[in-house]
1. Counting only protein heavy atoms, what percent of the accessible surface of the chain is carbon or sulfur at a 1.4 Å probe?
2. Most mobile of GLU142, GLU86, GLU105 per a Gaussian network model of the chain (Cα springs, under 10 Å)?
3. Per residue, how much accessible area does the chain show when a 1.4 Å probe rolls over the protein heavy atoms, in square angstrom?
4. Using a basic spin-label model with each label point 7 Å from the Cα along Cα→Cβ, how many nm lie between ALA3 and LEU40?
5. Charges only on Cβ, +1 for Lys and Arg, -1 for Asp and Glu: so what's the dipole of the chain about the Cα centre, in debye to the nearest 20?
6. Nearest 0.05, what FRET efficiency do ASP158 and LYS48 give at R0 = 35 Å with Cβ-Cβ as r?
7. Send over the semi-axes of the stretch 1-48's equivalent ellipsoid, whole angstrom and largest first, taken as the square roots of 5 times the C-alpha gyration tensor eigenvalues.
8. For VAL12, tell me the accessible area in Å² from a 1.4 Å probe, rounded to the nearest 10.
Amino acid sequence: IRAMFMNAPDSVLPLLPRNVRADCIDFADAGMSYPVSNKLDGKSTLKKLTDDYLLLQSTGISTVEMKMLPLRDSFVICVVNTVYAEAADSRIAFFNNDWQRIDDESLFKAPLIRDFFDVADEKAVDMCDIYLVSLNLCPDDESLVAEYTMPNYMNEDDARKVRPFLKKIVYRWNGEG
C-alpha cells in the first residue's frame, strides 16, 4: 500500500503532495503518528499503516482509508473518503493498480436506507430521508462496515425513535467482483 499511496494521483489525494506522503510513511515506519502540513495549511496524519491498509486523517474532519483487495489474479485499491460533521458520510471508489477508476457495481453496491433497518418499522424508515452512511474498511481483514448515520443529524427525539431499529451492515470481500 506504501507504493500505491505514494503514486496516487492528486485527484485521489489532493491535499498531500508526493514528498509529504513520503514523510508520512517515514513517520509511520518509525512508529510515530506525526502531523504534516497539507495544501490547505492544515494538518494531516497517517494514523495506521500495514502492508495492505492505511488510515489517513486528512483534515480535522475528514479521513481517507485505502485497502488493497485481491481480485482474481490481481488486486484493486479501495478508497473510502469520510467527512465527519454532525453525521459521518462516506464515499467509496475502486481503482486498478494504475489508479484508473473501476466503475463496476459488482465490486460494491451501496445499501439502501431500508437495508439498515433490522426490523422494517415503516414509521422509522419514513423518518429517514437523507442518505448519510459511514463506511469503514477493516485493517485486519477484507471486510467493510456500513452504518447509517442520519440519526446523528436528527433532533434527539426523532433519533431515539429510529436508533433501536438500526443495524450495521458488514460486507466481506470475496475477491471475485
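1. Ligands and nucleic acids excluded, carbon and sulfur reach 49 percent.
2. The residue that fluctuates most here is GLU105.
3. Per-residue accessible area for the chain comes out at 55 Å².
4. Calculated label separation equals 3.1 nm.
5. 300 debye
6. About 0.50, to the nearest 0.05.
7. Over the Cα atoms of the stretch 1-48, the semi-axes work out to 16, 14, 7 Å.
8. 10 Å²
The values are calculated or read from the model by the stated rules, or taken from the named source; none is laboratory data. Note that the structure is predicted; figures quoted are calculated from it, not measured. Backbone-built Cβ (ideal geometry, glycine too); neighbour counts: all protein chains shown. Only protein heavy atoms, including side chains, enter the accessible area calculation; ligands, DNA and RNA are left aside. Shrake-Rupley method; radii C 1.70, N 1.55, O 1.52, S 1.80 Å.
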